[in-house]
1. Of everything in the range 125-151 that's surrounded by 18 or more Cβ atoms within 10 Å (Cβ to Cβ) and modelled with pLDDT under 75, which residue is farthest from GLY105 (Cα to Cα)?
2. Any residue that is open to solvent by 30 Å² or more (accessible area, probe 1.4 Å) and of a type in the set (Gly, Ala, Ser) - is there at least one of those in the range 43-50?
3. Being among the small types (Gly, Ala, Ser), within 11 Å of ALA154 (Cα to Cα) and exposed (fewer than 11 other Cβ atoms within 10 Å of the Cβ) is the filter here; which residues of the range 165-185 pass it?
4. Please verify whether the range 83-90 includes one or more residues that are in contact (Cβ under 8 Å) with a residue 60 or more places away in the chain and either within 30 Å of GLY7 (Cα to Cα) or over 14 Å from the mean Cα position of the chain (by Cα) (or both).
5. Looking at VAL19, VAL78, can you tell me which residue is touching a residue at least 24 places away in the same chain (Cβ under 8 Å) and assigned to a loop (DSSP other than H, G, I, E, B)?
Amino acid sequence: MITAIEGVLESRGSDYAVVRVGGISLQIYVPSSSLDRLGPIGGRVRLHTLLQLKEENLILYGFSSEEEREFFKLLNGVSGVGPRLAISMLSHLSTEELASTILSGDSEALTRIPGVGRKTAARLALELKGKLEKGWSDLVTPGGAGDNGEIVAALTALGYSAAEALRVVSVLPPSPEVDLEEKIKLALRYLSK
């Protein structure tokens with residue numbers, strides 16, 4: 001198994017990068033979030049990879065972190081979610097946003113991702129909720145437990161999607177002097193802009 005690639009970035013497309021390793025150039029399918037982090041053409045890059053055999057083709061998928069690669073494996077393990085759809089999902093939402101969205105049961109946010117219908121969104125929530133609660137719960141509350149989790153819960157109870165709530169929580173000041181109620185008010189002000 002090829003678990004990582006390090007080399008020179010030769011080119012990039014909308015969903016792939018070409019990396020030269022030694023005398024070989026490899027086309028690696030990458031979520032757009034990871035593509036954005038690769039840097040300039042000609043620069044050195046390192047990607048965590050997963051090699052899959054599809055029919056008679058070897059396809060290499062690359063990720064900016066091991067966490068993203070493991071989440072790709074989880075998504076790809078759901079019936080009806082292939083590698084292309086899993087890449088698309090990771091391109092539209094971060095691993096934190098996906099985990100929170102799935103755990104909160106916000107299937108509406110998932111259906112906004114191209115290729116994810118209502119049945120697939122429901123299947124993702126059903127098949128992944130238990131796995132995410134066990135191994136990925138620390139992703140859901142950036143910066144650990146505490147107020148962030150309560151803020152996300154309050155905002156989702158008010159009708160905001162988990163993805164929106166997580167985005168707002170990530171920009172809130174981490175000041176311990178500000179109480180929970182004030183942080184929720186700040187979050188609501190950010191969301192109303």
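1. Going through the qualifying residues, I end up with ASP147.
2. No - not one qualifying residue is present in the range 43-50.
3. Residues satisfying the conditions do not exist here.
4. yes
5. Unique residue meeting the criteria: VAL78.
Results for (1) among the acidic types (Asp, Glu); (2) at pLDDT 90 or above; (3) touching a Ser or Thr at 6+ places or on another chain (Cβ under 7 Å), shown as yes or no for each residue.
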position: GLU70; (1), (2), (3): yes, yes, no
position: LYS73; (1), (2), (3): no, yes, no
position: ALA86; (1), (2), (3): no, yes, no
position: LEU90; (1), (2), (3): no, yes, yes
position: LEU93; (1), (2), (3): no, no, yes
position: SER100; (1), (2), (3): no, no, no
position: ALA109; (1), (2), (3): no, no, yes
position: LYS119; (1), (2), (3): no, yes, no
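Conditions (1) buried (at least 18 other Cβ atoms within 10 Å of the Cβ); (2) touching a strand residue (DSSP E or B) at 6+ places or on another chain (Cβ under 6 Å); (3) more than 29 Å from LYS129 (Cβ to Cβ), marked per residue:
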{"position": "GLY22", "(1), (2), (3)": "no, no, yes"}
{"position": "ILE41", "(1), (2), (3)": "no, yes, yes"}
{"position": "GLU55", "(1), (2), (3)": "no, no, yes"}
{"position": "GLU70", "(1), (2), (3)": "no, no, no"}
{"position": "SER91", "(1), (2), (3)": "yes, no, no"}
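The values are calculated or read from the model by the stated rules, or taken from the named source; none is laboratory data. From a predicted model like this one, the values you see are computed outputs, not experimental measurements. Virtual Cβ from ideal backbone geometry, glycine too; neighbours counted across all protein chains shown. Surface areas here come from the heavy atoms of the whole protein model, side chains and all, with no ligands, DNA or RNA. Shrake-Rupley method; radii C 1.70, N 1.55, O 1.52, S 1.80 Å.
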